[in-house]
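Visitor: Can you read through this structure? Questions will come right after.
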Amino acid sequence: MSYQVIARKWRPQLFEQVVGQQHVVKTLQNAIRSGRIAHAFLFAGQRGVGKTSIARIMAKALNCEQGPTPNPCGLCTSCREIAGGLTMDVLEIDGASNTGVNDVRELRENVKYVPAHGRFKIYIIDEVHMLSGPAFNALLKTLEEPPAHVIFMLATTEPHKIPSTVLSRCQRFDLRRISQEALVEHLRRITGDEGIAISEKGLRWIARDAEGSMRDAQSILDRVISYAGKEISDTDIS
């Protein structure tokens, strides 16, 4: 089996596994419980704080065979297909490489078709601020009045670049930088599970360098393990 980097292996699959974004998680879970599910969400924040992870978990919650549920089972066909990126009902689009108006026009043509298996057809558009002006204009009408079976989840590191007309049609969530304490606690859990010996000081050095990004912290840890193996000294990290 091919090696999986820590950031992928430890990507949260359930809401309770998300670190440092309880204000977002609690709001989304309560919205599902009360049936107040918006047709468009915007997740904004720096790199590596959980934007697309939360969007994928939300997609599971909405299309889980036991749902919509604030606690997706992770075991049903829908949950497993979403986790593996194998379902046509959850489409992830990279805004950086699909910037043109023709890309959005194709999306607009496809939204009319009902989901293949799940309740909703969900579009996750990452780095949505990279869309061109005409592309945003083309997206606007669909965002305003999408079919009942369609939900948009937009993710961005630069929300100020998104037109206000688009922002006003989304339920916006601002994800925070993850605190150093939360980073250290999660790194401690990872190293314990992976059988890695590392000092508390070493974990804090890694968390400090990550500057609030869980993905950066995990990538730094991966690099340190590659250098030092499973017995990591402070000198190795330094």
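Visitor: Given N residues in the range 49-167, what is its alpha carbon radius of gyration divided by 2.2 N^0.38 Å?
Guide: Details: Rg = 14.2 Å, N = 119, 2.2 N^0.38 = 13.5 Å.
Dividing the Cα Rg of the range 49-167 by 2.2 N^0.38 Å gives 1.05.
Visitor: Ratio of alpha-carbon Rg to the 2.2 N^0.38 Å globular estimate for the range 113-223, to two decimals, please.
Guide: 1.48
Visitor: Continuing with the same structure: Please work out the FRET efficiency for the pair SER226 and GLU185, using the Cβ-Cβ distance as r and a Förster radius of 25 Å; give the result to the nearest 0.05.
Guide: Working: r = 23 Å, r/R0 = 0.92.
In this case the efficiency is close to 0.60.
Visitor: May I ask for the distance between the Cα centers of the range 206-229 and the range 137-164, given as a whole number of Å?
Guide: Each part's Cα centre sits 33 Å from the other's.
Visitor: Could I get the Rg over Rh figure for the chain? Both from C-alpha atoms, Rh via Kirkwood, rounded to two places. If you can, show how the numbers build up before the last one.
Guide: Details: Rg = 19.1 Å, Rh = 19.0 Å.
Result: Rg/Rh = 1.01.
Visitor: Would you work out what percent of the accessible area of the chain, with all protein chains in place, is carbon or sulfur (probe 1.4 Å)?
Guide: Working: 5830 of 12100 Å².
Carbon plus sulfur share of accessible area: 48 percent.
Visitor: Lys and Arg at +1, Asp and Glu at -1: add these up for the other residues within a Cβ distance under 15 Å of HIS23 and post the number.
Guide: My count for the surroundings of HIS23 gives +3.
Visitor: With each run of n ≥ 4 DSSP H residues scored as -39500 (n - 2.57), what mean residue ellipticity at 222 nm is computed for the chain after dividing by its residue count and rounding to the nearest 500 deg cm²/dmol? Walk me through the intermediate numbers first.
Guide: On the way: 11 runs with 108 residues, N = 238.
After summing the helix terms and dividing by the residues of the chain, the value is -13000 deg cm²/dmol.
Visitor: What does the net charge come to around PHE41 if you take all other residues with beta carbon closer than 11 Å to its beta carbon, with K and R at +1 and D and E at -1? Working shown, then result.
Guide: Numbers: positive: LYS51, ARG169, ARG172; negative: none.
Spelling it out: positives minus negatives among the neighbours equals +3.
Visitor: Among the trypsin sites (Lys or Arg not before Pro) within the range 38-135, which fall in a DSSP loop and have no more than 15 other Cβ atoms within 10 Å of their own Cβ? Before the final figure, lay out the partial values.
Guide: Values: sites: ARG47, LYS51, ARG56, LYS60, ARG80, ARG105, ARG108, LYS112, ARG119, LYS121; in loops: ARG47, LYS112, ARG119.
Those that pass, being in a loop and sparsely packed, are ARG47, LYS112.
Visitor: Tell me which of PRO134, ASN98, GLN171 sits at the most positive position along the dipole axis of the range 96-180, charges placed on C-beta atoms (Lys, Arg +1; Asp, Glu -1).
Guide: GLN171
Visitor: Specify whether the C-alpha gyration tensor of the range 77-121 places it in the rounded, prolate or oblate class, a ≥ b ≥ c being the square roots of the eigenvalues: rounded for a/c under 1.5, otherwise prolate if a/b is larger than b/c and oblate if not. Show your work: numbers first, answer last.
Guide: Working: a/c = 4.39, a/b = 1.58, b/c = 2.79.
It is oblate, given that a/c is not under 1.5 and a/b is not larger than b/c.
Visitor: Against the longest principal axis of the chain, how steep is helix 51-63, in degrees 0 to 90 to the nearest 10, with axes from Cα atoms?
Guide: 60
Visitor: Still on this model: Give me the net charge of SER78's neighbourhood, meaning all other residues with Cβ under 10 Å from the Cβ of SER78; Lys, Arg count +1, Asp, Glu -1.
Guide: Its environment carries a net charge of 0.
Visitor: Sort largest first and round to whole Å: the equivalent ellipsoid semi-axes of the range 19-83, each the square root of five times a Cα gyration tensor eigenvalue. Write out the running numbers ahead of the final one.
Guide: Working: eigenvalues 74, 43, 20 Å².
Taking √(5λ) for each eigenvalue gives 19, 15, 10 Å, largest first.
Visitor: Hey, got the dipole for the chain? About the Cα centre, +1 on K and R Cβ, -1 on D and E Cβ, debye to the nearest 20? List each step's numbers first, then the result.
Guide: Details: 30 positive and 27 negative charges, 119 e Å.
Dipole of the chain, to the nearest 20 debye: 580 debye.
Visitor: In nm, what is the difference between 0.36 nm times the number of residues separating ARG176 and LEU91 and their Cα-Cα distance?
Guide: Details: separation 85, 0.36 × 85 = 30.60 nm, distance 2.55 nm.
Computed gain between ARG176 and LEU91 is 28.0 nm.
Visitor: Related question: Say a paramagnetic label sat at a point 7 Å from the Cα of LEU140, along Cα to Cβ; which residues of the range 67-102 have their backbone N under 15 Å from it?
Guide: It comes to 101, nothing else.
The values are calculated or read from the model by the stated rules, or taken from the named source; none is laboratory data. Quick caveat, the model's predicted, so the values are computed rather than measured. Reconstructed Cβ throughout: ideal geometry from the backbone, glycine too, with neighbour counts over all protein chains shown. The area values use the complete protein model at the heavy-atom level, side chains included, leaving out ligands, DNA and RNA. Shrake-Rupley method; radii C 1.70, N 1.55, O 1.52, S 1.80 Å.
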